[in-house]
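The values are calculated or read from the model by the stated rules, or taken from the named source; none is laboratory data. As the structure is a prediction and not an experimental result, all values here were calculated from the model. Here Cβ is always computed from backbone atoms with ideal geometry, including for glycine, and neighbour counts include all displayed protein chains.
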Amino acid sequence: MTDPTPTVRDHALALSCAELPAYVYDVAALRQHAAAVREALPERVELYYAAKANPEPEILTALGPYVDGYEVASGGELAHVAAAMPGRPLAFGGPGKTPDEVAAALEHGVERFHVESEHELCVLAELARRHAPGRRVAVLPRVNLPVAEGALAGSSLAMGGRPAPFGMDPDRAREVVRALAEGVYAHLELRGVHAHLASGLEAAGQLAVAESVVAWATGLGVPLAEVNVGGGMTVDYAHPERRFDWAAYGGGLAGLTEAHPGLTVRIEPGRALTAYCGWYVTEVLDVKRSHGEEFAVVRGGTHHLRTPATKGHDQPCSVLRVEAWPHPWPRPAAEGGRITLSGQLCTPKDLLARGVPAPGLRAGDRVAFSLAGAYAWNISHHDFLMHPRPGFHFLGAESA
Ligand SMILES: Cc1ncc(COP(=O)(O)O)c(C=O)c1O
C-alpha cells in the first residue's frame, strides 16, 4: 500500500490549502494490519509495540486489542503511554535511565525493566527497595550479543554485535543474570533476557537473530520465563509494496517456542506495525529548473517528515492531480519526466524524494508521501524556520 487508501485520498483532496500539510492516518487500515500481524504469530509469542515509532494516542489505542503491551524508552514515553492506555502492561527499556525515571516507573508499577548496564541494575535495586518494598520487580538484562557473521548484513541500523551504548557484553550480562538468579538483589526478580540487535531485517534475518538470542539465553543454565528478541522488522522504503513476511517469521517463531516449552518469546516492533498507516499530504508551491534538473517545492518539508533525511532514502509518494488553479498568475509545470520534491527549508538537505516520475507536475497539485506512520513527525525538527505545524487526521479512529 503506497498509494493512499481511498479514504485517505478523498480526505487529502478535500482539505483546503490552508489545512496543508497534514498527516492523514488510516486507522482502520492500521487495525487490519495489526490484526493480521497478531494472527501470524503463535500463541506463546507476545507482541509489544515500541511506542517510539509513533506514540500518538489514537495509534496506541488502535493497536490496543492486538498487542500485549507497550515498550517505552523514557520517562516521558512512560507517562504518555500510561496516561493514554491506562492499565496496559509496560516494559521500560532504553539506555541512560535517570534515577527519577526509574523511581517514576517503579511507582507506576511497570511490568518489566530492561536493564542496560550493571550500574543501572544497582540503581534499580536500591530504588526498588525504597519505592516497591512489597514486591519483586521483574527485570530482563539486555545483552549485546554477537550474531553469526553476516547475519546483520541486511540491517539498516545494527545496534548489537559491535561496540554500542546498548545493553551489556555477553560475559557481563551472564554475570548479571547469575547474580539475579542467586537472589543477590532481594527486590528484583530475574524474568528473562532482552536483546534488540538491529533494525531493518527481513524475516529470515530476524529469525536467525531470535534463534541466537534464545539459544544464548537458554544456554545460561538458569531458569528463564521469557526472552524478548526485540523489534527491527524491515520496512522497505525502496519497494513500499513489499511487506515484512510475518507469516514466515511467525512460523519460525512457532518452531522456536515448540523447542522451548515453558518459554515465552516476546517481540517489540515499532516501524513495521505503524509505518504503512500514515501519509504526509501536501501541495506543490513552485516548480522550477536548476542547472538542468527540475524541482518542485512543496509546502512543509523534512522538519515535518524527517524520515528520508535520517535514513537517506526517497520517501515513496503519489501525486494527486488538482485541476483547479484559482490564481491570476501563470501555473508553473514540470517539463521533464522526473522531478525532485523538496521542502521549504533553507538547506539542500530538505529533500523528500528525488527522481520522482511525475511528468507535468504543476503547482497546486497535491502529493501524498506514504510510509509516514512511523519515525516521521515525532523524530522531526519541527521548529526550524518556524513554519506552521501540520494538521493531524485520524480517519476511522474510535475516538475521532
Ligand atoms: C530496544 C528497542 N526495541 C524496539 C525498537 C523498535 O524497532 P523498530 O521500530 O525498528 O521495530 C527499538 C528501536 O530503536 C529499540 O531500540
### Query
Out of all the residues in the range 199-226, which are under 21 Å from Lys52 (Cβ atoms) and among the β-branched types (Val, Ile, Thr)?
Val209, Val213
### Flag for Arg306 being over 22 Å from Tyr237 (Cα atoms), among the basic types (Lys, Arg) and at pLDDT 95 or above
no
### Query
Pro269 fails exactly one of the following numbered conditions: (1) in contact (Cβ under 8 Å) with a residue 60 or more places away in the chain; (2) farther than 30 Å from Ala333 by Cβ; (3) within 16 Å of the ligand (Cβ to nearest atom); (4) surrounded by fewer than 22 Cβ atoms within 10 Å (Cβ to Cβ). What is the number of that condition?
(4)
### Query
For the range 163-179, what are the residues that are at pLDDT below 95 and more than 23 Å from the chain's Cα centre (by Cα)?
none
### Query
Hey, does the range 120-131 have a residue that's within 16 Å of the ligand (Cβ to nearest atom) and either on the phi > 0 side of the Ramachandran plot or of a type in the set (Gly, Ala, Ser) (or both)?
no
### Task
Looking only at the range 116-138, count how many residues are touching a helix residue (DSSP H, G or I) at 6+ places or on another chain (Cβ under 9 Å), part of a loop (DSSP other than H, G, I, E, B) and either farther than 17 Å from Ala186 by Cα or of a type in the set (A, V, I, L, M, F, W, C) (or both).
2
#### Entry: Restricting the range 130-162 to residues that are among the charged types (D, E, K, R) and surrounded by fewer than 16 Cβ atoms within 10 Å (Cβ to Cβ), the residue that is modelled with the lowest pLDDT
Glu149
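Would you confirm, using the coordinates I've provided, whether Pro316 is over 23 Å from Pro4 (Cβ atoms) and not aromatic (Phe, Trp, Tyr)?
When the stated conditions are applied, Pro316 does not pass them.
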### Task
Could you grab me the full set of residues in the range 215-227 that are surrounded by fewer than 24 Cβ atoms within 10 Å (Cβ to Cβ) and closer than 23 Å to Pro95 by Cβ?
Trp216, Leu220, Leu224, Glu226
